[in-house]
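I have placed the structure first, in the form of structure tokens, so that the comments after it can refer back to it.
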Amino acid sequence: MAAQLEQHLGTGRRKTSVARVYLRPGKGKMVVNSQDWKKFFGERPNIEHFMRAPLRETQSLSKYDVVANVFGGGVNGQAGAIRHAIARALLKANPEFRIPLKKAGYLTRDPRKVERKKYGLHKARKASQYSKR
């Protein structure tokens, strides 16, 4: 009988994006929606640094492979959701990571969302130019 694969699930959210991340013991490979992360996110140099920050904070860069499923939102929201999910999965993998992850702010869900447009305005807060006459 084959040994069961050890993996840790983490769910992260940012704006309207939701990411499910599976951390598996490995060499640091990252796959997003069944593609290499470079192919999925394209030529954005800061995205990798941003997403791998929780792994770097806990000195786990080459200990885990990351398999992520992400949907909704845009590129930055999806990267933020993956970062949040990685931090939560690391916490399940090792509860001692809580202190450095919490101190760096990776476990806190960013509550900022786009404000809805109001009637009578051009955007959420932008109104027509005021004219006295």
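The values are calculated or read from the model by the stated rules, or taken from the named source; none is laboratory data. The shown structure was predicted, so the numbers you read here are calculated from the model rather than taken from an experiment. Neighbour counts are summed over all protein chains in view; Cβ atoms, including those assigned to glycine, are modelled from backbone coordinates with ideal geometry.
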Run Tyr106 past the list (1) over 24 Å from Lys15 (Cα atoms); (2) touching a residue at least 24 places away in the same chain (Cβ under 8 Å); (3) in a loop (DSSP other than H, G, I, E, B) and report the number of the one that doesn't hold. (1)
Tell me which residues, restricted to the range 45-56, are under 15 Å from the mean Cα position of the chain (by Cα) and either farther than 19 Å from Leu9 by Cβ or assigned to a loop (DSSP other than H, G, I, E, B) (or both). Asn46, Ile47, Glu48, His49, Phe50, Arg52, Ala53, Arg56
Of all residues in the range 66-76, count the ones that are surrounded by fewer than 21 Cβ atoms within 10 Å (Cβ to Cβ) and either under 11 Å from the mean Cα position of the chain (by Cα) or within 16 Å of Arg14 (Cα to Cα) (or both). 7
Hey, Lys103 more than 16 Å from the chain's Cα centre (by Cα), of a type in the set (Lys, Arg) and farther than 30 Å from Ser128 by Cα or not: yes
State which residue pairs qualify: first residue more than 15 Å from Ala19 (Cα to Cα) and inside the range 32-44, second residue in a loop (DSSP other than H, G, I, E, B) in any location, beta carbons under 9 Å apart, and separation of 6 or more residues or different chains. Asp36/Lys29
Against the conditions (1) within 17 Å of Asn76 (Cβ to Cβ); (2) small (Gly, Ala, Ser); (3) in a loop (DSSP other than H, G, I, E, B), where does Ser60 fall short? Just the number, please. (1)
Being aliphatic (A, V, I, L, M) and touching an Asp or Glu at 6+ places or on another chain (Cβ under 9 Å) is the filter; apply it to the range 1-47 and report the residue that is farthest from Ala79 (Cα to Cα). Leu23
Regarding the range 52-65, can at least one residue be identified that is basic (Lys, Arg), at pLDDT below 95 and surrounded by fewer than 13 Cβ atoms within 10 Å (Cβ to Cβ)? yes
